[in-house]
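S.K.: Take this structure, written in structure tokens, and hold onto it; I'll ask about it next.
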Amino acid sequence: MRAAVQALRELGAGTVVVAVPVAAWQTCEELARHADTVVCARTPDPFVAVGLWYRDFSPTTDEEVRALLEVSRRGLER
């Protein structure tokens, strides 16, 4: 996420907002040093693993990622 924030800064983003459904509070604090706004819906203590908070946390395939990036690219071209 830090790399994404940095890339957006380099591309000239005026404001960078990071939003995640669940994370360790320490992670949210770290991200707040890089982004303009950080929204963490849940910060359980103790934080064990992100996957514990999802019914389905199966991995995303490379093909799914490529397809989503293509859909995003088409949307930006409009």
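None of the figures in this text is laboratory data; all of them are computed from the coordinates on show. Note that the structure is a prediction, hence the values are computed from the model and not measured. We place every Cβ from the backbone using ideal geometry, glycine too, and count neighbours over all the protein chains shown.
S.K.: Of (1) under 13 Å from the mean Cα position of the chain (by Cα); (2) surrounded by 10 or more Cβ atoms within 10 Å (Cβ to Cβ); (3) part of a helix (DSSP H, G or I), Glu64 satisfies all except one. Which?
M.R.: (1)
S.K.: Return the residues of the stretch 1-31 that are among the hydrophobic types (A, V, I, L, M, F, W, C) and more than 22 Å from Val48 (Cβ to Cβ); say none if nothing qualifies.
M.R.: Ala3, Ala4, Val5, Ala7, Leu8, Leu11, Ala13, Val16, Val17
S.K.: Enumerate the pairs (first residue in the stretch 7-25 and in contact (Cβ under 8 Å) with a residue 12 or more places away in the chain; second residue anywhere and outside any helix (DSSP H, G or I) and of a type in the set (D, E, K, R)) with beta-carbon separation below 8 Å, excluding pairs fewer than 6 apart on the same chain, so at least 6 apart or on different chains.
M.R.: Matching pairs, first to second residue: Thr15/Asp36; Val16/Asp36; Val17/Asp36; Pro21/Arg42; Val22/Arg42; Ala23/Arg42; Trp25/Asp45.
S.K.: So which of Val48, Val38 is aliphatic (A, V, I, L, M), surrounded by fewer than 11 Cβ atoms within 10 Å (Cβ to Cβ) and either touching a residue at least 40 places away in the same chain (Cβ under 8 Å) or not in a helix (DSSP H, G or I) (or both)? Step through it out loud before you land on a result.
M.R.: Working: Val38 fails: surrounded by fewer than 11 Cβ atoms within 10 Å (Cβ to Cβ).
Step by step, each of Val48, Val38 is checked, and only Val48 is aliphatic (A, V, I, L, M), surrounded by fewer than 11 Cβ atoms within 10 Å (Cβ to Cβ) and either touching a residue at least 40 places away in the same chain (Cβ under 8 Å) or not in a helix (DSSP H, G or I) (or both).
S.K.: Just need a number here: residues in the stretch 1-32 that are among the hydroxyl-bearing types (Ser, Thr, Tyr) and assigned to a loop (DSSP other than H, G, I, E, B).
M.R.: Residues flagged as among the hydroxyl-bearing types (Ser, Thr, Tyr) and assigned to a loop (DSSP other than H, G, I, E, B) within the stretch 1-32 amount to 1.
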